[in-house]
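The block underneath contains the structure these notes are about, expressed in structure tokens.
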Amino acid sequence: MSVKGLDHVGVVVADMAGARRFLSEALGLQLDREVDASAIGRRGVFYRCGAVEIELIEELDPAARDRVLGGAQAKIDHLALAVDSLADTMVALQARGVGFSRGPVEIGGRQNAWTGEGTSGGVTYQLVEKP
């Protein structure tokens with residue numbers, strides 16, 4: 001198991017257009033890519049911020065968006081860690097009692113899995129294996 005570093009921070013937003021304007025116009029960040037994550041009920045856009053990215057997440061189902069945000073305009077959803085091998089990392093973490101809420105699933109050409117926050121210190125970590 002090898003964690004290479006922080007890949008991105010995922011933020012669920014109620015107003016995708018407003019959040020995009022803030023990152024691009026107010027902060028001057030550049031759009032890196034848009035990702036269709038409809039397989040998990042989401043759409044994401046990534047903005048480069050130094051060595052990492054900020055992912056803005058739109059829940060496609062309004063009920064899911066309301067549940068996740070709980071009335072807030074935005075919420076940090078997860079920290080994403082780049083790993084050498086998703087399969088090896090999942091096996092190693094499972095051996096240490098870490099559960100997974102989702103994955104493995106391919107999104108945007110990358111393999112992903114998310115830890116269950118109840119087994120990872122109250123934080124959801126997305127593990128990302130890039131090609």
Exercise. Go through segment 71-95 and give me each residue that's under 18 Å from Ile54 (Cα atoms) and among the acidic types (Asp, Glu).
Key: Asp77
Quiz item: Is there any pair with a first residue in segment 23-36 that is touching a residue at least 24 places away in the same chain (Cβ under 8 Å) and a second that is part of a helix (DSSP H, G or I) and of a type outside the set (D, E, K, R) whose Cβ atoms are under 7 Å apart and which are 6 or more apart or on different chains, and what are they?
Solution: Leu29/Leu23
Quiz item: What residue, of Leu69, Leu81, is under 12 Å from Leu127 (Cβ atoms) and modelled with pLDDT of 95 or more?
Solution: Leu81
Quiz item: In this structure, is Arg21 under 21 Å from Ala82 (Cβ atoms) and either basic (Lys, Arg) or in a helix (DSSP H, G or I) (or both)?
Solution: no
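With the condition kept exactly as written, say whether any residue in segment 87-101 is assigned to a helix (DSSP H, G or I), over 19 Å from Val128 (Cβ atoms) and of a type outside the set (Val, Ile, Thr). Steps first, answer last, please.
Here is the first cut: in segment 87-101, the ones assigned to a helix (DSSP H, G or I) are 87-95.
Right, trim to over 19 Å from Val128 (Cβ atoms) and you get 95.
Next, only the ones that are of a type outside the set (Val, Ile, Thr) stay: 95.
Checking segment 87-101: at least one residue is assigned to a helix (DSSP H, G or I), over 19 Å from Val128 (Cβ atoms) and of a type outside the set (Val, Ile, Thr).
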Quiz prompt | Of the criteria (1) surrounded by 17 or more Cβ atoms within 10 Å (Cβ to Cβ); (2) closer than 29 Å to Gln30 by Cα; (3) not β-branched (Val, Ile, Thr), which one Cys49 fails | solution = (1)
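Conditions (1) closer than 18 Å to Val3 by Cα; (2) of a type in the set (Ser, Thr, Tyr); (3) free of Cβ contacts under 8 Å to residues at least 24 places away in the same chain, marked per residue:
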| site | (1), (2), (3) |
| --- | --- |
| Pro62 | no, no, yes |
| His78 | yes, no, no |
| Val83 | yes, no, no |
| Leu86 | yes, no, no |
| Thr89 | yes, yes, no |
| Arg96 | yes, no, yes |
| Arg102 | no, no, no |
| Thr124 | yes, yes, no |
| Glu129 | yes, no, no |
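The values are calculated or read from the model by the stated rules, or taken from the named source; none is laboratory data. Since the model is a prediction, treat every value here as computed from it, not as a measurement. Backbone-built Cβ (ideal geometry, glycine too); neighbour counts: all protein chains shown.
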